[in-house]
Amino acid sequence: MSRITPHADRAGSLLPQNGLLNRQALYLRPDPTRVIVRPFKPSTEPRHLNPRDKSRANEIVDRVLSLDPIATANQLRDILANFDGRHRNLLRQFELRADAMEDAFHHHQQFSQQQRQLVGAYFMNEYSFESAALFNPSIVAHPDQAGIAEGSRRVILSLRAVGEGHISSLTFRSGVLDPDGALAIDPPTRLAGLPVIHAYDGLAPVGCIGLSFNHDSDLSERVVFPVTEAQANGIEDARFVAFEDEGKTIYFATYTAYSGSSIRSELLETVDFLNFTLTPLRGSAARNKGMALFPRRIDGRYAMIARQDSENLFLLYSDDLLHWEEGQMLMKPEFAWQFVQIGNCGSPVEIDEGWLLFTHGVGPMRRYAIGVTLLDKQDPSIILSRTVEPLLQPEPTEREGYVPNVVYSCGAMRHGDLIALPYAVSDTYSNFTTIKIHELLETMRPVGGEFMTINRIETRPTGDSL
């Protein structure tokens, strides 16, 4: 486990603290060396350019099966020498790919296991799933707290990874928060892999699929990659929450499925981060993005914060978790740093005083910043107080990246008397901070009351990359 020392610069000296945030030198950056193996489908040519009796896939299979046994064995040996250490069970993955291509084998009467494996290799490719960005994190308590010291907590960070073609997937990191809020992150494994996909019977909701990872895999190996047409170009901005219901904890994540031309909201469910269920949400509110589920029912109903239009936040309720219709207007852009639009930064965090809702605002030059609002615990449609100035915003020293001038989060959690807030910088990498709850509440402006000025928080590089 690598230890993250808060506030240390590259020379090891302490950095001054600024305002409310206890920023840490936690730089989770994209790593192009982490790759998955996924199916490859050759592009097709217009028939008038290259008339052919068979598909390109069939012709490639014919060429592979025309090799003699020695050439086949040599080709397979060369592939394993180059790629086997980069993936788990590579030969088995080749066989599964060949199994999915039975039509390409039907006119060949005899072929060996090695030939099938080699055919599978020709129809797979490596994909660097986080080569471009690793951002928009959320944080929840790990389901396994065994062996953790008193006052500490094992946690899971979810992150949006972006690779070639701007395709987004979901990846994870584990770590431990100590009693003071310092976070130690477990280094990710070199390997990464995809799950087995399960189709559900007619009793399941339409479009529902299951994913199962190898039980021997490390959490950081598991990549939830797009598997449906609705997700073809991305699983984006998963907002994880530990949902408490009748004494059980279920982890839900609302995320945006992007097909390349349209979006919709979907729901991920897991209890162990090993087996997942992905289900499309229904109703008029599910046609937009940025939905965040409350961590428990309110008056017996599920509740959600969402942006149904392009700029405001709404409070929604549902009886069945999967169907969400238009809700009640909750917040509009009010301050200069959010005049373009506002949105949530993950699920509301329950504290004694109410619900802390972290929000992002978009201002001039499409500059994103983060603030917070306190909602009434019994009736979250009531706003009790808010920050008028941003808690966190990009500064000139930390503005460059895939999308400049952005700070963003997909979910915070309570840790004792602290709020643990992971956040992304410029849609490129992720960092981490903690905030003392009582200090945050003291600086928030009661609705209709006097405003207590808070210091603006600047973000700047604070340590080595991880």
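Using alpha carbons only, the radius of gyration of the chain set against its Kirkwood radius gives Rg/Rh = 1.02.
For Tyr408, the residues whose modelled amide H falls within less than 5 Å of its own, excluding neighbours fewer than 5 places apart on the same chain, are Ala424.
Sorted from longest to shortest, the spans of the Cα atoms of the range 343-385 along the three principal axes equal 38, 16, 12 Å. Going by a ≥ b ≥ c, the root eigenvalues of the Cα gyration tensor, does the range 204-271 fall in the rounded group (a/c under 1.5), the prolate group (a/b larger than b/c) or the oblate group? Note, shape of the range 204-271 comes out oblate.
Here the scattering of the range 197-315 is modelled by Debye summation over its C-alpha atoms, one equal scatterer each and no solvent; at q = 0.09, 0.16 Å⁻¹ the log10 of I(q)/I(0) is -0.26, -0.82. As a calculated quantity, the FRET efficiency between Ile60 and His215 at R0 = 56 Å, using C-beta atoms, amounts to about 0.95. In terms of its C-alpha gyration tensor, the range 64-131 comes out oblate, because a/c is 1.5 or above while a/b does not outweigh b/c. Here the Karplus curve 6.51 cos²θ - 1.76 cosθ + 1.60, taken at θ = phi - 60°, turns the phi angles of the range 409-424 into couplings of 9, 10, x, 10, 8, 8, 9, x, 9, 10, 9, 9, 10, x, 8, 9 Hz, with x standing for Gly and Pro.
What is the diffusion coefficient of the range 147-229 in µm²/s, taking the Kirkwood radius over Cα pairs and the Stokes-Einstein relation at 20 °C with a viscosity of 1.002 mPa s? Rounded to a whole number, D works out at 142 µm²/s.
Using heavy atoms of the protein chains and a probe of 1.4 Å, the accessible area assigned to His438 is about 90 Å². The angle between the Cα long axis of helix 69-83 and the longest principal axis of the Cα atoms of the chain comes to about 20 degrees, rounded to the nearest 10.
The accessible-area ordering, largest first, of the residues Arg160, Arg63 stands as Arg63, Arg160, per a 1.4 angstrom probe.
Applying 1/(1 + (r/R0)^6) with R0 = 60 Å to the Cβ-Cβ distance of Ile382 and Asp186 gives a FRET efficiency near 0.90.
Placing a label point 7 Å from the Cα of Asp417 along the Cα-to-Cβ direction, the residues of the range 147-174 whose backbone N falls under 17 Å of that point are 151-152. Spatially, the range 351-402 and the range 256-273 are offset by 24 Å when compared through their Cα centroids. In percent, rounded to a whole number, the relative contact order of the chain is 16, using alpha-carbon pairs under 8 Å and six or more apart. Amide hydrogen proximity for Arg282: with H placed 1.01 Å from N in the peptide plane, the residues at 5 or more positions away or on another chain lying under 5 Å are His323, Trp324.
If eta is 0.692 mPa s and T is 37 °C, what Stokes-Einstein diffusion coefficient results for the range 314-396, Kirkwood Rh from Cα pairs, in µm²/s?
240 µm²/s
The residues neighbouring Ala253, those whose beta-carbon lies less than 12 Å from its own, together hold a net charge of -2 under the Lys/Arg +1, Asp/Glu -1 convention. Within the shell of other residues whose beta carbon sits under 11 angstrom from the beta carbon of Asn344, the net charge comes to +2, with Lys and Arg scored +1 and Asp and Glu -1. Here Lys54 is the anchor, and the aspartates and glutamates within straight C-alpha reach of less than 16 Å, apart from those fewer than 8 places off in the same chain, are Glu45, Asp62, Glu102, Asp103. With an a/c value of 1.5 or above and a/b larger than b/c for the gyration tensor axes a ≥ b ≥ c computed over the alpha-carbon atoms, the range 87-228 is described as prolate.
The values are calculated or read from the model by the stated rules, or taken from the named source; none is laboratory data. Every value quoted in this text rests on a predicted model; they were computed, and no experiment measured them. With ideal geometry, Cβ positions are generated from the backbone for all residues, glycine too; neighbour counts draw on all protein chains shown. With ligands, DNA and RNA removed, areas are computed over all heavy atoms of the protein, side chains included. Shrake-Rupley method; radii C 1.70, N 1.55, O 1.52, S 1.80 Å.
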